Amino acid sequence: MSLSIGIVGLPNVGKSTLFNALTKAEALASTYAFATVEPNVGVVGIPDPRLAVLAEMSSSAKIVPATVRFVDIAGLVRGASEGQGLGNQFLAHIRETELMLADLQTLDKALPRLGKEVKFSKDAERLRAADAAAAARRLLNEGITLSQGAAEAGINLGDLRELQLLTAKPFLYVFNTDMTGLPDDQRKELTALVAPAEPIFLDVKTEAELAELPEDEATELAAELGLGEPGLDRLAKAGFAALGLTTFLTTGPKETRAWTIRVGATAPEAAGVIHSDFQRGFIKAEIVSYDDLVDAGSVAAARTAGKARIEGKDYVMQDGDVVEFRFQTTSGGKAAR
């Protein structure tokens, strides 16, 4: 399981630049409308300092972080739901993602070749239009006229969930600022505009420039510029929160790894993320919280200190649980991971 985020917005607001900053890719960034035709896709590891600590403790051969998949989708234009611009191809790309990231300019600026002001409301209007068109097509396919009404036709509106309505997807909003930042009153106004979604304020151009530097140099320069936490870190945290995701950890000589699960997942469900056989044959899980394990210095020391717990099928996983699963193999033997 990985977090999948689609980056959308009007043409030329900087979506590809944001994509490049987040993925350290080299997608085409242009001021011409529809520079991005096919979506750019990048999968990147989510920074997690806990992994390096555990890897050193276990002398792990490699580290495998949780991942986020970014999809840079072509610009959203008026009439997309009727096929204008890239039309339904664009909408299909959106439907394949779990979370929408709207890239917005903080100031109204005329866009090249469009001659219109950027307005936040236009993005929402076009997504609503696409959803309305999808719902109408579904009703017509069922032989139901729009004037007849859902109740009269005996259709449950919940049945429309399979349409993957765009406006039903969780949204995050990135406001593209510059190095001078924004006055507090403008931040409050924009925050209220997108509530209850979480706004993220980024200097996308600077983030993209930092992405081209070696990691140590980028970290040092970001600190000098006072940028704080990198954009990828902030987006990953906000995305996990919006989708109700969390991570658990495994560690050993082979690898130290972060695994993505839904908040509220049970121990067997978490085991199934590693392999379906782990869930089917689940017996128990030995769990140590990350903080307790670091304090103890090793799994053996955590066991001696009584910090390692044996949990069964009803245990609800917590963020930062370091786990070893015990399960029954198909041959009847017992194994651990």
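Quick note: the coordinates plus some simple rules give every number you see, no bench work behind them. Since we're looking at a predicted model, the values are computed, not measured. Cβ atoms come from the backbone with ideal geometry, glycine included; neighbour counts cover every protein chain shown.
Would you calculate the separation in nanometres between label points at ARG280 and SER59, each defined as 7 Å from the Cα along the Cα-to-beta-carbon direction?
Computed distance between label sites ARG280 and SER59 equals 3.6 nm.
Is the shape of the stretch 241-337 best called rounded, prolate or oblate, per the rule: a/c under 1.5 gives rounded, else a/b larger than b/c gives prolate, else oblate, with a ≥ b ≥ c the square roots of the Cα gyration tensor eigenvalues?
oblate
Can you give the relative contact order of the stretch 234-337 as a percent, counting alpha carbon pairs under 8 Å and 6+ residues apart?
31 percent
Per residue, how big is the convex hull around the C-alpha atoms of the stretch 195-248? Give it to me in cubic angstrom, could you?
Dividing the Cα hull volume of the stretch 195-248 by its residues yields 99 Å³.
Between beta-carbons, use under 14 Å as the cut-off and find the net charge around ALA308, counting Lys and Arg +1, Asp and Glu -1.
Summing Lys and Arg as +1 and Asp and Glu as -1 gives -2.
If you add up the charges near LEU182, with Lys and Arg at +1 and Asp and Glu at -1, over every other residue whose beta carbon is less than 10 angstrom from its beta carbon, what do you get?
Net of charged neighbours comes to -2.
Residue-wise, which Karplus ³J(HN,Hα) couplings in Hz belong to the stretch 245-261, taking 6.51 cos²θ - 1.76 cosθ + 1.60, θ = phi - 60°, and x for glycine or proline?
Rounded to whole hertz, the list is 10, 8, 10, 10, 10, 10, 8, x, x, 6, 7, 10, 9, 9, 10, 9, 9.
Normalised by the empirical 2.2 N^0.38 Å for globular proteins, what value does the Cα Rg of the stretch 269-317 take?
Compared with the compact-globule rule of thumb, the stretch 269-317 sits at 1.27.
Calculate log10 I(q)/I(0) of the stretch 196-300 for q = 0.12, 0.22 Å⁻¹, where I(q) comes from the Debye formula with a single equal point scatterer on each Cα and nothing for solvent.
-0.65, -1.14
Contour minus end-to-end for GLU311 and GLN186, with contour as 0.36 nm per residue of separation and end-to-end as the Cα-Cα distance?
Roughly 40.1 nm would be gained on extension.
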